[in-house]
1. Checking the cross-link filter: which aspartates and glutamates have an alpha carbon closer than 14 Å to that of K110, excluding same-chain neighbours under 8 positions apart?
2. Under a Cβ-only charge scheme (Lys and Arg +1, Asp and Glu -1), can you give me the dipole magnitude of the stretch 107-248 about the Cα centre, in debye to the nearest 20?
3. How much of the accessible area of the stretch 309-370, probe 1.4 Å, is carbon plus sulfur, in whole percent?
4. Out of residues 5 or more away from F298 or on other chains, whose amide H comes under 5 Å of its own, with H placed 1.01 Å from N in the peptide plane?
5. If you average the alpha carbon positions of the stretch 128-171 and of the stretch 403-444, how far apart do those two centres end up, in angstrom?
6. Evaluate the charge dipole of the stretch 209-280 about its Cα centre and quote only its size in Debye, nearest 20, assuming +1 on the Cβ of each Lys and Arg and -1 on the Cβ of each Asp and Glu.
7. Can you list the HN-Hα couplings for the stretch 162-170, worked out from phi with the Karplus curve (6.51, -1.76, 1.60; θ = phi - 60°), rounded to whole Hz and with x for Gly and Pro?
8. Among L78, L93, Q41, flag the residue with its Cα farthest along the positive direction of the charge dipole of the stretch 26-153, charges on Cβ as +1 for Lys/Arg and -1 for Asp/Glu.
Amino acid sequence: MIEWLQDVFLYHADRPLLYTHLLFWAFFTIFYGFFLRIYNQLRLRSAYLAAISLFLYYKAGGYYFTLLIFSTLADYYLGHRIYAARREIRRRLFVAASVTVNLGLLGYFKYTFFFSDLFNRLTGSDLQATNFLAVLSNALTGTQFDIYEIVLPVGISFYTFQTISYTVDIYRGKVRPVNSIIDFAFYVSYFPQLVAGPIVRAADFVPQIRQRFTLSRQEMGQAFFLILNGLTKKILISDYISINFVDRVFAEPTKYSGFENLLAVYGYAIQIYCDFSGYSDIAIGLALLMGFRLPLNFNSPYKALDITAFWRRWHISLSSWLRDYLYIPLGGNRKGRMRTRVNLMITMLLGGLWHGADLKFVLWGGLHGLALGAHKLWMSLRRRMSRGENQPVPYGSLPLPRWTWRSTRWTRLAAGFVTFHFVCFCWIYFRAPSLQAAHTMMAQMASNFRLDLALEVVASYPRPLALVALGFLFHWMPWQWKERYRLAFIALPEPAKAVVLAAALLLLHQAKSAQIQPFIYFQF
């Protein structure tokens with residue numbers, strides 16, 4: 001009994017409490033039963049949800065939950081100081097303090113080894129990074145943490161951006177500070193989206209804290225549909241193709257033909273989409289069951305016909321955050337074409353670095369920055385050529401012939417094909433364990449493709465490749481078709497919904513891999 005209680009209530013690094021774990025759903029069922037008794041007692045609801053969220057974060061990230069508490073207290077205080085300050089210099093100092101504290105924590109835990117290693121390479125020194133939080137914990141509580149190991153706290157990249165947006169929006173006059181520390185702690189730590197998004201802004205979420213609970217029959221059906229959809233993406237598609245095909249090829253690309261390497265890249269493209277959008281679906285569905293509406297985070301990104309449209313569809317909460325809090329403050333597109341391209345590149349390089357402390361992520365972001373700049377240049381050229389020769393021509397420029405772009409089914413198909421394959425090409429750098437491994441995969445595809453082995457390869461991996469194809473089939477399915485089966489599920493009577501859910505969960509349990517796979521974005 002004691003061992004069972006320890007397993008339930010204590011943190012285990014090798015067994016984090018995930019959405020794909022049966023224990024989580026047992027816990028959520030009990031938690032939700034109590035929630036239904038107090039949901040209209042607003043103060044008690046906030047305190048209850050904040051406490052449960054902190055507990056679940058502790059189960060996922062261990063003693064690093066203290067950092068979440070620190071960020072909550074710091075930004076609650078600084079938010080009020082920004083709002084109360086009358087002089088502009090004081091307002092700027094307080095918002096700078098908030099940004100410095102949050103980015104300082106993120107930078108220390110995420111980039112210390114990256115920059116210390118870079119410094120050592122450049123100078124030939126032997127600087128060794130130290131985990132000062134581990135030093136403090138060992139001194140105060142007698143723990144035995146390795147002080148030379150800095151573990152990235154789960155979710156820190158997400159809640160850091162969330163709290164920065166809160167204080168910056170107070171400075172910009174878009175929101176007022178939250179009056180209750182309990183309400184603010186609930187906003188920062190709300191468990192459905194805490195560790196992997198969507199990144200929720202105070203202006204969208206805080207007003208909901210003081211609203212009474214509402215959940216229509218249609219919304220409940222939508223919540224269950226999203227949860228089931230997310231679990232299916234994660235367990236049936238993402239985890240299975242990862243373990244049984246994608247991970248093997250990326251680990252040792254030289255053991256596989258170029259054709260197999262290409263299939264692994266396609267596999268990773270659908271794996272990361274199903275993994276991350278699956279988490280977002282579950283998070284949005286869980287929040288909806290509690291009466292809170294979170295923003296859409298994915299919108300069929302591989303349907304995009306250009307790279308700009310891709311970033312309007314992929315990880316929408318991050319791309320919009322980078323636009324509003326980095327790209328626009330840098331000047332956006334207001335200071336000329338060259339400055340626009342520079343701002344895009346800076347934004348995407350930092351966006352790449354946000355994903356991980358490795359040059360391969362910086363390169364991944366830089367490639368997307370180049371593509372975004374090239375797309376803006378192409379759109380500008382199209383507009384100029386469509387205007388014709390009668391328009392004024394800048395001094396030193398040649399007049400462009402009149403030409404009108406005609407969008408047809410074939411041009412859209414070609415645009416989508418090019419965009420998708422550029423994104424897949426960039427995923428190689430994102431997924432490969434190193435730059436050298438990424439280049440090895442490309443070399444295999446270029447010099448050892450072996451298309452003659454295609455049928456043999458497909459026969460060797462029938463289930464993983466069938467799931468890759470199934471994933472893309474559902475992804476590229478017309479949205480009207482998706483709406484039909486979503487609405488059909490919502491319209492089912494409750495007993496029929498229960499039967500469908502039970503059958504689906506039983507099938508997913510059978511398909512689940514023996515070793516639970518963490519969500520990909522937990523590492524970011």
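The values are calculated or read from the model by the stated rules, or taken from the named source; none is laboratory data. Note that the structure is predicted; figures quoted are calculated from it, not measured. Backbone-built Cβ (ideal geometry, glycine too); neighbour counts: all protein chains shown. Calculation scope for accessible area: heavy atoms of the full protein, side chains included, ligands and nucleic acids excluded. Shrake-Rupley method; radii C 1.70, N 1.55, O 1.52, S 1.80 Å.
1. Qualifying aspartates and glutamates at Cα under 14 Å: E149, D358.
2. In total the dipole reaches around 680 debye.
3. Exposed carbon and sulfur together represent 65 percent of the surface.
4. Residues meeting the criterion, in which the H sits 1.01 Å from N, are I316.
5. After rounding, the separation between the Cα centres reads 36 Å.
6. Roughly 440 debye, rounded to the nearest 20.
7. Per-residue couplings from phi come out as 5, 6, 5, 4, 5, 6, 5, 5, 5 Hz.
8. Q41
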